[in-house]
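First the structure, in the form of structure tokens, and then the observations on it.
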Amino acid sequence: MSFAARNASSFSLLAVVLLAASALAMWLPALWTPFWGDDYVFLHAAHATNASGAPWWSDFWPSSPVRFWRPLSQEAYWRLIDAGLHGNAFAAHAVNLGLHLLASSGVALLGHRIARACAWPHAGRVALLAGAVYGALTMHLLPVHWVAAANNALLTLFTTLSLAAWVSARDARGTARVVLFASVPASLALALLCKESAVLTPGLMLVAAAFVGLRRPTIGEAIAWLASAGVVVAWLLLRGRFTANTDAAYELGLGSHVLRNATSFVAWLLNVPREAVRMAVSGERFQGSAWIAATALPMLGAWMLAFWSGRRALSPTQWLALPVFAVLAYAPYFLFAWNSYEYYAAIAVILPVIAMARGIAGTPRALAVAALVALSSWIAVEGTRRLDHPGLIGRARWAESTLQALERQPTPPTPLHVAVADGQRFYAIGAWGLAWRLDIPLQGISVARECPPTGTCLVIDGDGGSRWRETP
């Protein structure tokens, strides 16, 4: 190996080490985060289901309608957290870290298979860089302090396995080809059992096929794609049977919110945290805008450095496939009536990240791009971590301190009435958190704006203070 080749390899390796170490250091503080918000909803439900002795298959075939049918990444996953980890938050966050590593490894695998299919040099370096960049970038795309975010890591893992098998099977032969094609709809089925957005995977398969080279599809490819489409249709029918009406915030429609969601999508790709956007539009414009700039500019620099310097590394068709893949993967979220979160872009960013790795693999630019991505992610994650209410982590800290104070007091009688002045803050606890931590029946808790005339009532003021109001 020549001196120049050794240097090129060293730059790529150092970039991977920098990104991996940075991502791990960003995640470690999350290990000590308590459960909060939706964590308590799922944990309480899982504990009740386990206590009832319900079989595990019942999570996949519910007897009554549910809000979201995600049996693998929610019901079954949380039953494992309750039964196997005994509801330990530290252990649950450690499992989430493992899932994030698996998801990043899935991106690396897909990057390697795409690199081989495209006959790119340094396929191994492309794979390692793609996985490392994804692991660091999605530290803000995937909420690191929220156990319930496991569904995104599982979605990424099974989606990348499906796409990697799809790309690899094109050039495989014999039994390996059959096995790879058969694994495509199987992995897709697992992804669908984790999150609804996997319904777009057959479209992403077509974009991936165009990216690695347009050609007339073989019989095997046609069968694998039709089988995948069939899995999606079957899932849609089952979902219609198992789910009830969802929150109005998740309704799809056309209106001014499409532009808002499109703007948010661009922000997510530039590593801008949702909390920064919230600050910029809710009155703290200077602080929010400064935070947006601090995260977006390094990330924009990373994208530009990788893509401009490597602009000849991709064909015109591949350049076109990048935005098509990203927009298609995010498609439903453009239409959401209200909610728009950064982790919705976890799939959309996969192919652009692989293209970024292609542009910097084996070049000195790899280290510079890695440093810019790490800097942007650190500012995004650490800023989110330090925010007080109404920031997400600030609410989680408030919830834990409030629950600890309540646990030191005698168990309240039921029915327990809770008067909440700020519902957004109280979301971090919820009735499920009170039931779980205070060991009282969920049906014995009533949450309202004001206390009733009689009965035990917990008052939670707008500033987060709590007090008991006793009445005859």
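Okay, residues lined up against (1) buried (at least 24 other Cβ atoms within 10 Å of the Cβ); (2) in contact with an Asp or Glu (Cβ under 8 Å, 6 or more places away or on another chain); (3) free of Cβ contacts under 8 Å to residues at least 40 places away in the same chain; (4) under 26 Å from residue 27 (Cβ atoms):
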site: 324; (1), (2), (3), (4): no, no, no, no
site: 334; (1), (2), (3), (4): no, no, no, no
site: 347; (1), (2), (3), (4): yes, no, no, yes
site: 361; (1), (2), (3), (4): yes, no, no, yes
site: 372; (1), (2), (3), (4): no, no, no, yes
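Exactly one residue out of 420, 447, 459 is open to solvent by 50 Å² or more (accessible area, probe 1.4 Å) and of a type in the set (A, V, I, L, M): that is 447. Scanning the range 298-310 for residues that are open to solvent by 20 Å² or more (accessible area, probe 1.4 Å) and touching a residue at least 24 places away in the same chain (Cβ under 8 Å) yields 300, 301, 303, 305, 307, 309.
Those residues that are in contact with a Pro (Cβ under 9 Å, 6 or more places away or on another chain) and assigned to a helix (DSSP H, G or I), I need them from the range 140-159; list them, please.
140, 149, 152, listed by residue number.
Residue pairs whose Cβ atoms lie under 6 Å apart, separated by 6 or more positions or on different chains, with the first residue in the range 23-49 and under 24 Å from residue 271 (Cα atoms) and the second in a helix (DSSP H, G or I) and open to solvent by 40 Å² or more (accessible area, probe 1.4 Å), are 31/90.
Determine whether the range 423-431 contains at least one residue that is out of contact with any helix residue (DSSP H, G or I) (no Cβ under 8 Å at 6 or more places or on another chain) and either over 19 Å from residue 299 (Cβ atoms) or open to solvent by 50 Å² or more (accessible area, probe 1.4 Å) (or both).
Among the residues of the range 423-431, at least one is out of contact with any helix residue (DSSP H, G or I) (no Cβ under 8 Å at 6 or more places or on another chain) and either over 19 Å from residue 299 (Cβ atoms) or open to solvent by 50 Å² or more (accessible area, probe 1.4 Å) (or both), which makes the answer yes.
Of everything in the range 66-91 that is open to solvent by 30 Å² or more (accessible area, probe 1.4 Å) and among the hydrophobic types (A, V, I, L, M, F, W, C), the residue that is nearest to residue 130 (Cα to Cα) is 72. A single member of 354, 379 is closer than 17 Å to residue 300 by Cα, open to solvent by 20 Å² or more (accessible area, probe 1.4 Å), of a type in the set (Val, Ile, Thr) and in a helix (DSSP H, G or I), and it is 379. Taking the conditions (1) more than 30 Å from residue 213 (Cα to Cα); (2) in contact with a Lys or Arg (Cβ under 8 Å, 6 or more places away or on another chain) in turn, residue 117 satisfies each one other than (1).
Selection of the range 36-59 for residues being at pLDDT 90 or above and under 19 Å from the mean Cα position of the chain (by Cα) yields 39, 40, 41, 42, 43.
Within the range 279-296, if we keep just the residues that are β-branched (Val, Ile, Thr) and touching a residue at least 12 places away in the same chain (Cβ under 8 Å), the residue that is least open to solvent (accessible area, probe 1.4 Å) turns out to be 295.
Every residue, every condition in (1) within 30 Å of residue 123 (Cβ to Cβ); (2) open to solvent by 10 Å² or more (accessible area, probe 1.4 Å); (3) assigned to a helix (DSSP H, G or I), yes or no:
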site	(1), (2), (3)
17	yes, yes, yes
24	yes, yes, yes
34	no, yes, no
93	no, no, yes
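Given the structure, is residue 459 of a type in the set (A, V, I, L, M) and either more than 32 Å from the chain's Cα centre (by Cα) or assigned to a loop (DSSP other than H, G, I, E, B) (or both)? The answer is yes for residue 459.
The values are calculated or read from the model by the stated rules, or taken from the named source; none is laboratory data. Predicted, not measured: the structure shown is a model, and the values here were computed from it. For neighbour counting, all protein chains shown are included, and Cβ atoms are generated from backbone atoms with ideal geometry for every residue, glycine included. To get the accessible areas, we keep the full protein, side chains included, count just its heavy atoms, and leave off ligands, DNA and RNA. Shrake-Rupley method; radii C 1.70, N 1.55, O 1.52, S 1.80 Å.
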